Amino acid sequence: MKLIRHFYRTIGAHGRAPLLILSLLDGYALARMEKVLHPHPACPDSREKGRWYNPIVEKNRWRQALARTRRTAFGRLASLVGATELTSTFWEGLEETLIQADLGIKIVQGLITNLKEISRAEGLTHGDQVIERLRALLFEHLETVTDPEPDVRPLVIILVGVNGSGKTTTAARIAYRWLSSGKKVILAAADTYRAAATEQLQIWGDRLDVEVISGQPGSDPGAVVYNAAQATIARDADVLIVDTSGRMHTEHNLMAELEKICRVAGKVISGAPHQVLLVLDATTGQNGLAQAQAFTDAVDVTGVIVAKLDSSARGGVGFAINSVLGIPIQYIGFGETLEDLSVFDAEAFVNGLLTQSETAPPP
């Protein structure tokens, strides 16, 4: 009923049917995530800052999120692992498998060259030996954020990324993580251009019982961020999460706008923004590199959030983002609930891609 009342308010305020349709679609997505609010029964773990954490459940979640990439791109590994000779056919098969996983040509060529050198130096003769060395090399291509959720107060997080990458949903998921730690959160709807963007974030705010600072459609996003930063101080909030516009990353005005938003936040809150997180849709594959490069040229991106990982067969793009651009992955988004956002775990990521058994993680 709450959602229905919101639709009526939307019609009364704007009188536009397209906006209602967009709100309905957003509402449908939200309804599918209604089962959200019950953490897995588990044991506390310091990595999750007091949240309930079950390592077995978490490993299974990673494996499920990477299942499509594992089956589609790494499906040939089973036959390669059983190889008793390291022939040219073996190396070609391994190279094709890594390329198909969207690691990127440069990274794959480097991996194959290193593996051949290691095989010669160590006298390796079997496929399983090479795959284990591959596992170690893949770890080297992944950098993790030392302190993804620092004890800075107030902490200002700005999310950037193109339209459709999942920024607004990710903003709600990050808010949920901080709320679960007992922190007070404010959301800022700085995407003033996309139809229904503010309404979508407001629905999340209502659902999470979080205040959303917004402006009029088409208004200055910098003014929204200024007001949100002032409200963060006035309300004694712990975390401010800013959802920004995501028009095409090739538009210069958008990049200049993001620069302005970061400057405005810093004028009100010392050291802000403390995190600028680039949200990338995992299904875009290597195009994500072009997106990341454009945003890093405009603002100081501190970390990447790879969203929709469970919907993609291109999970290997995580290695390319980290290795080519030098930007660490901070979070991985998968599934349909608010809980389906995890701090990036390099070990779980690599094991989730390379483990062939569908029932048990590697030792």
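Modelled label positions at ALA290 and ALA234, each set 7 Å beyond Cα in the direction of Cβ, lie 4.3 nm from each other.
Summarising the label geometry, the points placed 7 Å from Cα in the beta-carbon direction at ILE105 and THR125 lie 3.6 nm from one another. Note on LYS167: aspartates and glutamates with a C-alpha under 12 Å away, same-chain residues under 8 apart excluded, are ASP191, ASP243, ASP281. Taking label positions 7 Å along the Cα-Cβ direction at both ASP151 and THR113, the computed distance is 4.5 nm, reported to one decimal.
Taking 0.36 nm per residue of sequence separation and removing the Cα-Cα distance, the ASP209/THR84 pair yields an extension gain of 39.1 nm.
Which residues does the label zone of ASN253 cover in the stretch 190-205, counting backbone N under 20 Å from a point 7 Å along Cα→Cβ? Correct set: 190-198. Under a 5 Å amide H cut-off, with hydrogens placed 1.01 Å from N, ALA190 pairs with ASP243 among residues at least 5 apart or on other chains.
Can you return the aspartates and glutamates within cross-link range of LYS106? Criterion is Cα-Cα under 12 Å, with same-chain partners fewer than 8 residues away left out. Straight-distance partners of LYS106: GLU95.
Each reported figure results from applying straightforward, stated rules to the coordinates on display, with no laboratory input. Here the structure is a predicted model, which means the values were calculated and not measured. Glycine also receives a Cβ, built like all others from the backbone with ideal geometry; neighbour counts cover every protein chain displayed.
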